[in-house]
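Peer 1: Shown below is the structure under consideration.
Computed from the coordinates by the stated procedures, all read-outs in this text should not be read as laboratory data. Just so you know, these numbers come straight off a predicted model, no measurement behind them.
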């Protein structure tokens with residue numbers, strides 16, 4: 001009798017452990033959706049960086065007009081040129097950061113959530 005009781009108790013414990021493991025695995029698998037926060041945040045940041053870079057490019061066009069103004073002195077042209085080159089570097093950096101953020105978001109999504117079929 002003791003043997004039958006311990007076998008039954010052992011199978012109950014085994015079932016409990018399997019159920020607990022299943023619940024834990026489902027919760028762990030479902031927690032991958034928390035990565036969506038990072039995906040959405042990265043896309044929003046990428047769009048903002050694209051916007052900033054494009055605004056810098058438009059601002060740079062003003063430097064281009066000032067640089068080609070025939071009434072500007074050479075000292076003024078040097079200042080405008082330095083500002084124009086700085087703006088170019090900033091815009092390129094911002095576009096690179098935006099592209100990296102977009103790649104990061106796509107990678108996180110494909111790694112943790114699901115495959116992107118449109119690509």
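Peer 1: Which value in Å is the Kirkwood Rh of the range 35-113 over different Cα pairs?
Peer 2: 14.2
Peer 1: Which residue fluctuates the most in the chain, going by a Gaussian network model with Cα springs under 10 Å, if the choices are 30, 107, 48?
Peer 2: Greatest mean-square fluctuation among the candidates belongs to 30.
Peer 1: In Å and on Cα atoms, what radius of gyration and Dmax does the range 19-59 show?
Peer 2: Cα-based Rg and Dmax for the range 19-59 come out at 18.7, 62 Å.
Peer 1: For the chain, what's the relative contact order in percent, using C-alpha pairs closer than 8 Å and at least 6 residues apart?
Peer 2: 39
Peer 1: Compare 27, 53, 99 in a GNM of the chain, Cα atoms joined below 10 Å, and give the one with the largest fluctuation.
Peer 2: It is 27.
Peer 1: For the chain, with a Gaussian network of springs between Cα atoms less than 10 Å apart, report the residue from 11, 74, 66 with the top mean-square fluctuation.
Peer 2: Of 11, 74, 66, the Gaussian network model singles out 11 as fluctuating most.
Peer 1: Cα axis of helix 2-30 to longest principal axis of the chain: angle in degrees, 0 to 90, nearest 10?
Peer 2: 10
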